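Encoded as structure tokens, here's the structure I'll be asking about.
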Amino acid sequence: MNTKTNKLLSDLNEQLNFIELEIDNQLTRCESSIEIILKVLINLKNLISKFKFNSETEEIQFFKEIKPQFTSKIIYYNTIFNIEMKKPNGGTRVLKKYYNNELIKLKAFFDNELEFYKYYRTGNIYLDYKYFLRGKFDIKLSVNSYYFESDKTFSTSHDYKVAKILANDLIQLYLENQLIMIENKDNNEKSQRKPNTKMAWTGSKVALTELLYALHSEGVFNNGVADLKDIAEYFEHIFEIDLGQYRRTFLEIRVRKSERTKFITALNEALIKRMDNSDDVI
């Protein structure tokens, strides 16, 4: 039995590896993989239907260790297919949120199946005779509803849960890799956009403070919801300047006896002069 199942699994892995290398589109890759796995599962089921286990230990080994290696693959590819099908169109923030939500769903499964998860991961065997022998299900042991729809000659009450645990390990790895790829892409794009020349503010701090309050008053940052303090800190960072007590500076600007918007007025005049000068470089 083990020789035949090992051969089936080895051939399956070889075909899946070939698909991973040859097909770039994730959805097409999943579809092709699922088709192959379904055919192999039919062969595995036919093999078991003609085979009589020599002992309960042998039957437990098959449904606890061997079959889940096959069924976990179809769970994995089907889940990835659905995740990618439902993936929203959007920027990095949207995609990060989407993949993180999928990770939260995985955690919810582990939380719901914590007792069995601990049993399986710690290598316990004292309930194997209930979990992994056909026809031995116990409703009090949290049986998955999938079991009642399955072929009882090819299923036990908990072999699907083992397959789900194995699949979720791979799904988690896939989601984390997607998040890393998004982060790396985002960082690369930011580094490519980063200007080579630094821009230092060489005007007066009073002038920059006047501009700061004008832009905040007009609501040009973040649809008008940006906080004055955040804008001030951003200006200080990009222009490498310390605005100091800019609120006090604004109070001094406000009580000027003449030309309260001195810098804004100067900007207006300079721009109009440039527009009027047709020979000026655009």
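For segment 257-282: of the residues being in contact with a Lys or Arg (Cβ under 9 Å, 6 or more places away or on another chain) and surrounded by 11 or more Cβ atoms within 10 Å (Cβ to Cβ), which is modelled with the highest pLDDT?
Lys262
Please enumerate the residues belonging to segment 2-42 that are surrounded by 15 or more Cβ atoms within 10 Å (Cβ to Cβ) and within 24 Å of Gln61 (Cβ to Cβ).
Those that are surrounded by 15 or more Cβ atoms within 10 Å (Cβ to Cβ) and within 24 Å of Gln61 (Cβ to Cβ): Thr5, Leu8, Leu9, Leu12, Leu16, Ile37, Val40, Leu41.
Scan segment 25-39 and tell me whether some residue there is over 28 Å from the mean Cα position of the chain (by Cα), modelled with pLDDT of 95 or more and aliphatic (A, V, I, L, M).
No, segment 25-39 contains no residue that is over 28 Å from the mean Cα position of the chain (by Cα), modelled with pLDDT of 95 or more and aliphatic (A, V, I, L, M).
Okay, moving on. Test each condition in (1) of a type in the set (D, E, K, R); (2) surrounded by 10 or more Cβ atoms within 10 Å (Cβ to Cβ); (3) not in a helix (DSSP H, G or I) for Asp242 and report the one that comes out false.
(2)
Quick one: would you say Lys64 is modelled with pLDDT under 95 and of a type in the set (Lys, Arg)?
It is false that Lys64 is modelled with pLDDT under 95 and of a type in the set (Lys, Arg).
For segment 228-241, give me each residue that is over 16 Å from Lys198 (Cβ atoms) and either touching a Lys or Arg at 6+ places or on another chain (Cβ under 8 Å) or of a type outside the set (A, V, I, L, M) (or both).
The answer is Lys229, Asp230, Glu233.
I'm told Ile253 meets every condition in (1) surrounded by 13 or more Cβ atoms within 10 Å (Cβ to Cβ); (2) among the β-branched types (Val, Ile, Thr); (3) farther than 21 Å from Trp201 by Cα except one. Can you identify the failing condition by its number?
(3)
Then there is this: Can you pull out every residue in segment 134-167 that is part of a helix (DSSP H, G or I), modelled with pLDDT of 80 or more and of a type in the set (Val, Ile, Thr)?
Val162, Ile165
Also, quick follow-up: Under the condition of being touching a residue at least 60 places away in the same chain (Cβ under 8 Å) and out of contact with any Lys or Arg (no Cβ under 9 Å at 6 or more places or on another chain), which residue from segment 45-60 is surrounded by the fewest Cβ atoms within 10 Å (Cβ to Cβ)?
Ser49
Hey, another quick one. In the set Leu228, Leu215, Leu211, Leu170, which member is at pLDDT 90 or above, of a type outside the set (S, T, N, Q) and assigned by TED's automatic domain parsing to the domain that holds Ile75?
Leu170
Okay, next question. Every residue in segment 115-124 that is surrounded by fewer than 16 Cβ atoms within 10 Å (Cβ to Cβ) and assigned to a helix (DSSP H, G or I), please.
Across segment 115-124, the qualifying residues are Glu115, Lys118, Arg121.
The values are calculated or read from the model by the stated rules, or taken from the named source; none is laboratory data. The model shown is predicted, which means the values in this text are computed figures rather than measured ones. Cβ: placed from backbone, ideal geometry, glycine included. Neighbour counts: every protein chain shown.
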